[in-house]
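A.B. asks: Please find one structure pasted underneath; my questions will follow.
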Amino acid sequence: MTSELRRRMEEAAEAVRRRVAFEPKLAVVLGSGLGALADHIETVGAVPYAEIPHFPTSTVPGHAGRLVLGWLEGKPVAAMQGRVHLYEGYTAQEVVFPIRVLFALGCRTLLVSNAAGGLNREWRAGDLMVITDHINFQGTNPLVGPNDDSLGPRFPDMSRPYDPVLVELAERCAVEERVVLRRGVYVAVVGPSYETAAELRMLRGFGADAVGMSTVPEVIAARHLGMRVMGLAAITDMATGEAAQPVTHEEVLRVARELEPRFVRLVRRIVREMEL
Ligand code: HPA
């Protein structure tokens, strides 16, 4: 029996296929201030989220809200320029719907990126980090609700959500491109308020190296579907709880844009060398 979710996935995927005859294999999610990677895609077609049935549309400045399909470094990709977050009022299921549509379109690998606050005291704003593991501190999960067993298991494994082969690939590409790449644990909070000093101390105590408001729901949904996942975080501010300067969204976007050329160079290299 076809589940309601699968029906909506297929409907959205079919709407994209009707607009753009292209089969992507790699899904790329571009985080806050990191959308310029899409400029390097040899675009076959782009579809605004508002024109895809059941797709949630972003309400945040810095998140464009369109799906770009085409070739990046010779690989067939579908890039999400902008994403939605729990703090916008969407449910976790709505937040991950685009990932499921990208899977329905043919993507079996996900490269997800975000802007995050740095908790690791050794690091600096402007650093890039490959995510080795995550902590879901959002109090919800996109898999809550009925499970469609044809999509994935009721109780999916999360022992290694980030493919170790892809982590190693990222680190090798960083060396080749002479880009400093940190590695660490990403913790997701709901937001939209930034963390208090006490919360940041707690999150660091959890063993997290970076904190942000996205990514974890998408990764859980992708793993549920059996996709391979790589995660990259752009450290846009040091969230140590001791900074003299409060964090602002403008500052997050400014630092993201500043490190964007380095991010683009690293991702292009990774995609070029990635086996799909
Ligand atoms: N906290 C949470 N989310 C963020 C931050 C932060 O400091 N910076 C960018 N996204």
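A.B. asks: Restricting to the stretch 142-155, and then to whatever is within 18 Å of VAL216 (Cα to Cα) and surrounded by 16 or more Cβ atoms within 10 Å (Cβ to Cβ), can you tell me which residue is nearest to the ligand (Cβ to nearest atom)?
C.D. replies: Step by step, filter the stretch 142-155, then rank; the result is PRO142.
A.B. asks: Can you run down the residue pairs with Cβ atoms below 6 Å, 6 or more apart or on separate chains, where the first is in the stretch 83-102 and small (Gly, Ala, Ser) and the partner is crowded, with 22+ Cβ neighbours inside 10 Å?
C.D. replies: Taking only residues 6 or more apart or on different chains, the pairs are ALA92/PRO142; ALA92/PRO217.
A.B. asks: Taking the stretch 189-233 as the region of interest, how many residues are near the ligand (Cβ under 10 Å from one of its atoms), assigned to a helix (DSSP H, G or I) and within 11 Å of the chain's Cα centre (by Cα)?
C.D. replies: Residues meeting the conditions: 0.
A.B. asks: So, one more: Residues that are within 16 Å of the ligand (Cβ to nearest atom), on the phi < 0 side of the Ramachandran plot and of a type in the set (Asp, Glu): does the stretch 90-108 have at least one?
C.D. replies: No, the conditions are met nowhere in the stretch 90-108.
A.B. asks: When the residues of the stretch 131-141 are filtered to those that are within 16 Å of the ligand (Cβ to nearest atom) and among the β-branched types (Val, Ile, Thr), which remaining residue is farthest from the chain's Cα centre (by Cα)?
C.D. replies: Here the residue is ILE135.
A.B. asks: Please verify whether LEU72 is of a type in the set (A, V, I, L, M, F, W, C), under 19 Å from LEU128 (Cβ atoms) and more than 17 Å from the chain's Cα centre (by Cα), treating the condition exactly as stated.
C.D. replies: Yes.
A.B. asks: Any residue at all in the stretch 77-84 that is touching a Phe, Trp or Tyr at 6+ places or on another chain (Cβ under 7 Å), of a type outside the set (Phe, Trp, Tyr) and not in a strand (DSSP E or B)?
C.D. replies: Taking every residue of the stretch 77-84 in turn, at least one turns out to be touching a Phe, Trp or Tyr at 6+ places or on another chain (Cβ under 7 Å), of a type outside the set (Phe, Trp, Tyr) and not in a strand (DSSP E or B).
A.B. asks: Give the residue that is surrounded by the most Cβ atoms within 10 Å (Cβ to Cβ), with candidates limited to residues of the stretch 113-130 that are within 14 Å of the ligand (Cβ to nearest atom) and assigned to a strand (DSSP E or B).
C.D. replies: Checked the stretch 113-130; the qualifying residue surrounded by the most Cβ atoms within 10 Å (Cβ to Cβ) is ALA116.
Rule-based calculations on the coordinates, nothing more; no lab input. From a predicted model like this one, the values you see are computed outputs, not experimental measurements. Backbone-built Cβ (ideal geometry, glycine too); neighbour counts: all protein chains shown.
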